Amino acid sequence: MSASNIQSRELTANQQVSDSTSWKIKLLYDGECPLCLREVNFLRKQDASRGLVAFVDIADENYTPEAHGGVDFETAMGRIHAVMPDGKVIQNVEVFRRVYETLGMGWVYAITKLPVIGAFADMLYGIWADWRLRLTGRPDLAAIVAERQKQLECKTQGRCQIK
């Protein structure tokens, strides 16, 4: 089993701890993205088991949009999203700003509250989000979505073809 798979399983197991009702923000992340996992692991350490942030791996086969603000897999893969306790969905740099504020490190993204800087930060994040799959050596979004659809169909139909 690779280190990435072990990390992913640890995150999935720990996800149950984070799903308590005490969360202040629910972070939707791609558990198959090595750079995303680094950030999530850092944020988990900052959360220190307080449960302020619920970490939800959208790559988990049990991910359902209905339980997470209606954000479907393809949308969540395109840009980072989070769900607030009132059900409001936020995205892009606002997600980082809110997560860091929740964890007591709001100063890291505080400057992005300024309108011009916030718009610039969102633009830079958009460029990063568009390139992140390629930069991490993964297929494009359409291929990932198609593969996930095949896996879900296989799971629900109970019959799969071995490649």
* Structure fact -> Only one of Asp86, Asp72 is more than 9 Å from the chain's Cα centre (by Cα), open to solvent by 30 Å² or more (accessible area, probe 1.4 Å) and within 21 Å of Thr156 (Cβ to Cβ), namely Asp72
* Structure fact -> Within region 129-163, the residues that are modelled with pLDDT of 90 or more and at positive phi are Gly137
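For Gly137, state whether it is of a type in the set (Gly, Ala, Ser) and under 29 Å from Asp47 (Cα atoms).
Numbers: of a type in the set (Gly, Ala, Ser): yes; under 29 Å from Asp47 (Cα atoms): no.
Taking the combined requirement at face value, the residue does not satisfy it.
Examine region 130-152 for a residue that is under 14 Å from the mean Cα position of the chain (by Cα) and either closer than 22 Å to Glu39 by Cβ or among the charged types (D, E, K, R) (or both), and state whether such a residue exists.
From region 130-152, those under 14 Å from the mean Cα position of the chain (by Cα) are 132-133; that's our starting set.
Going one step further and asking which of them are either closer than 22 Å to Glu39 by Cβ or among the charged types (D, E, K, R) (or both), we end up with 132-133.
Scanning region 130-152 turns up at least one residue that is under 14 Å from the mean Cα position of the chain (by Cα) and either closer than 22 Å to Glu39 by Cβ or among the charged types (D, E, K, R) (or both).
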* To do: Being modelled with pLDDT of 95 or more, open to solvent by less than 40 Å² (accessible area, probe 1.4 Å), in contact with a strand residue (DSSP E or B) (Cβ under 7 Å, 6 or more places away or on another chain) and part of a loop (DSSP other than H, G, I, E, B) narrows it down to one of Gly31, Gly51, so name that one.
  => Gly31
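The values are calculated or read from the model by the stated rules, or taken from the named source; none is laboratory data. All values reported here derive from a predicted model rather than from experimental measurement. Glycine gets a Cβ as well: all are built from the backbone with ideal geometry, and neighbour counts include every protein chain shown. With ligands, DNA and RNA removed, areas are computed over all heavy atoms of the protein, side chains included. Shrake-Rupley method; radii C 1.70, N 1.55, O 1.52, S 1.80 Å.
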